[in-house]
Amino acid sequence: MAKNLFVGSLPFTITEDTLGQLFAGVGQVQSVAIIKDKYTGSSRGFGFVEMVTEEDAKTAIEKLNGYNLEGRNIVVKEALPKPTYTNGRGSGDRRGGFGGRGGGSRRY
């Protein structure tokens, strides 16, 4: 089963191809994505690499966490799962902007 890795502290000039080649040196890579700013299109300095097996992912973490890539020590760790939202507003247990006090019918 594929395992997703977070890769941080990336040089802003690094490409997905270059990052994929680096990780291919330690295991089979399924996909690579460098996260970009939606307005400028430039790298935000982090991305995700999906390794084919969990064993390849463990090897990548061991060998590449702290690796010096173009003068920056990259961070490689297991990616956190995406949060699941039920109603598009977060967890659904919040009461709104007034802390749940009701807020509209006060007389002074």
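The values are calculated or read from the model by the stated rules, or taken from the named source; none is laboratory data. Source: prediction; values computed, not measured. Note that we place each Cβ from the backbone using ideal geometry, even for glycine, and neighbour counts take in every protein chain shown.
Observations
- Filtered residues of the stretch 6-49 (kept if touching a residue at least 40 places away in the same chain (Cβ under 8 Å), surrounded by 13 or more Cβ atoms within 10 Å (Cβ to Cβ) and either β-branched (Val, Ile, Thr) or in contact with a helix residue (DSSP H, G or I) (Cβ under 6 Å, 6 or more places away or on another chain) (or both)): 7, 14, 23, 49
- Evaluation of residue 56 against (1) free of Cβ contacts under 8 Å to residues at least 12 places away in the same chain; (2) part of a helix (DSSP H, G or I) (one fails), failing number: (1)
- The residues in the stretch 59-83 that are part of a strand (DSSP E or B) and of a type in the set (Val, Ile, Thr) can be counted, and the count is 2.
- Reported count of residues in the stretch 43-58, each being in contact with a Phe, Trp or Tyr (Cβ under 9 Å, 6 or more places away or on another chain) and of a type in the set (A, V, I, L, M, F, W, C), is 4.
- Single condition residue 68 does not satisfy, out of (1) at pLDDT 95 or above; (2) over 13 Å from residue 10 (Cβ atoms): (2)
- The residues of the stretch 50-90 that are surrounded by fewer than 10 Cβ atoms within 10 Å (Cβ to Cβ) and among the polar types (S, T, N, Q), listed by number, are 68, 84, 86, 87.
- Residue within the stretch 27-48 that is under 12 Å from residue 3 (Cα atoms), assigned to a loop (DSSP other than H, G, I, E, B) and touching an Asp or Glu at 6+ places or on another chain (Cβ under 7 Å) present: yes
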